[in-house]
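Q: The structure under discussion is supplied below as structure tokens; questions concerning it will follow.
The values are calculated or read from the model by the stated rules, or taken from the named source; none is laboratory data. Keep in mind it's a predicted model, so treat the numbers as computed, not measured. So basically every Cβ, Gly included, is an ideal-geometry build from the backbone, and we count neighbours across all protein chains shown. In case anyone asks, the SASA skips ligands and DNA or RNA and just uses the protein heavy atoms, side chains included. Shrake-Rupley method; radii C 1.70, N 1.55, O 1.52, S 1.80 Å.
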Amino acid sequence: MRIALITGASSGLGKEFIRQLRREKLDEIWAIARRKERLLELSGLVPIPVRPISLDLTKPESIDTLERLLAEAQPHIHILINAAGFGKIGNYREISRSDTDRMIDLNCRAAVDVTLLALPYMNKGDRILEICSTAAFQPFPYLNVYAATKSFLYRYSRALRVELMDRRIKVTAVCPYWVKNTEFIPKARETEGSRAIRHFPLASRKETVVRLALSDSRLGLPVSTPGPVCFLHRIAAKFIPGELMMGLWSLIRRL
């Protein structure tokens, strides 16, 4: 059984990935997210059967459950997309410790755990997309933990790609800019410090981000910057010192 395994599948980029996977030769899509009722709505999106798997990946027992499901089904995972993740806007005083821990658990530990569970079921020509962020390219005050988690996932993806070259498995770190038509921005602003970032100029759309990410993945690119803003940001961060980049960010976020 040839499948795609997608985390964060009930909304946002994860749900859009399911829509656009109709072009792939798959027997089934395994859709993982916390909200079971949202998962049950996915079956009508694509002609491919969608298997809803309600798990909270911040909980270690959910990882154990996924490991058991994979061992029982023995699927061939052709595509793994780690799209589960969330962020909060605000300074260190305004974001609760529980939200901080959840960001680290979901954006870092869970992504690595799911990747490690999937790899034994992957072969030559299969693909991994780790959904990072343009925030991975520099430190971001008022997004400090979120940016740090995405930097972790970005560097993990880049190194894992090299380790998997002998198995011919492609790994792409997907680094989008703000995406305006998902729940991410409204959820990120549910803090006292939400006004720290006033506007989200030139934000992308999820349809474009997913289409470009899948195309870059098919090409085997190590990094996908699906849009002009994130591409320019990636280039700028290579040459401009971090302190200057944070200074520029301080000006931009007040616009």
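Q: Count neighbours as other Cβ atoms within 10 Å of each site's Cβ, and list the trypsin sites (Lys or Arg not before Pro) in segment 1-95 that are DSSP loop with at most 10 such neighbours.
A: Values: sites: 2, 15, 19, 22, 23, 25, 34, 35, 36, 38, 68, 88, 93; in loops: 25, 34, 35, 88, 93.
Passing both the DSSP loop test and the Cβ count: 25, 93.
Q: Which whole-number percent is the relative contact order of the chain (Cα, under 8 Å, 6+ apart)?
A: It rounds to 19 percent for the chain.
Q: Note down the relative contact order for segment 1-81 as a percent, whole number, built from C-alpha pairs under 8 angstrom at least six residues apart.
A: Working: 135 pairs, mean separation 30.5, N = 81.
About 38 percent, as a whole number.
Q: Over the chain, with a Gaussian network built from C-alpha contacts below 10 Å, which listed residue (125, 227, 90) shows the highest mean-square fluctuation?
A: 125
Q: Sort 95-101, 231-237, 74-80 by packing, meaning the average of other beta carbons within 10 Å per residue, with the highest value first.
A: So the peptides 95-101, 231-237, 74-80, ranked by packing, come out 74-80, 231-237, 95-101.
Q: Using helices alone, what [θ] at 222 nm do you get for the chain, with -39,500 (n - 2.57) per DSSP H run of 4 or more residues, divided over all residues and rounded to the nearest 500?
A: Here the helix-only value at 222 nm equals -12500 deg cm²/dmol.
Q: Need the list of lysines near residue 124 for cross-linking: C-alpha distance under 16 angstrom, and skip anything on the same chain fewer than eight residues off.
A: 25, 170
Q: Another one. Rounded to the nearest Å, what's the spacing between the alpha carbon centres of segment 100-152 and segment 216-235? Just the number, please.
A: Rounded to whole Å, the Cα centres lie 16 Å apart.
Q: By a straight-distance test (C-alpha under 26 Å), which lysines pair with residue 88 as possible cross-link partners, with residues fewer than eight away in the same chain excluded?
A: Here the lysines satisfying the reach criterion relative to residue 88 are 15, 36, 59, 150, 180, 187, 206, 238.
Q: Of all accessible surface on segment 5-95 at a 1.4 Å probe, what whole percent is carbon and sulfur?
A: Working: 1780 of 4000 Å².
Carbon plus sulfur share of accessible area: 44 percent.
Q: Over the chain, give the accessible area per residue in Å² for a 1.4 Å probe, as an integer.
A: 47 Å²
Q: Where in segment 98-128 does the label zone of residue 68 land, with the point 7 angstrom along Cα→C-beta and an amide N cut-off under 18 Å?
A: Under cut-off, by backbone N: 114, 117-118.
Q: Now, a different point. Let a ≥ b ≥ c be the square roots of the eigenvalues of the Cα gyration tensor of segment 69-127; is it rounded (a/c under 1.5), or, if not, prolate (a/b larger than b/c) or oblate? Don't jump to the answer; show the numbers that get you there.
A: Details: a/c = 4.38, a/b = 2.85, b/c = 1.54.
Prolate is the answer for segment 69-127, as a/c is 1.5 or above and a/b outweighs b/c.
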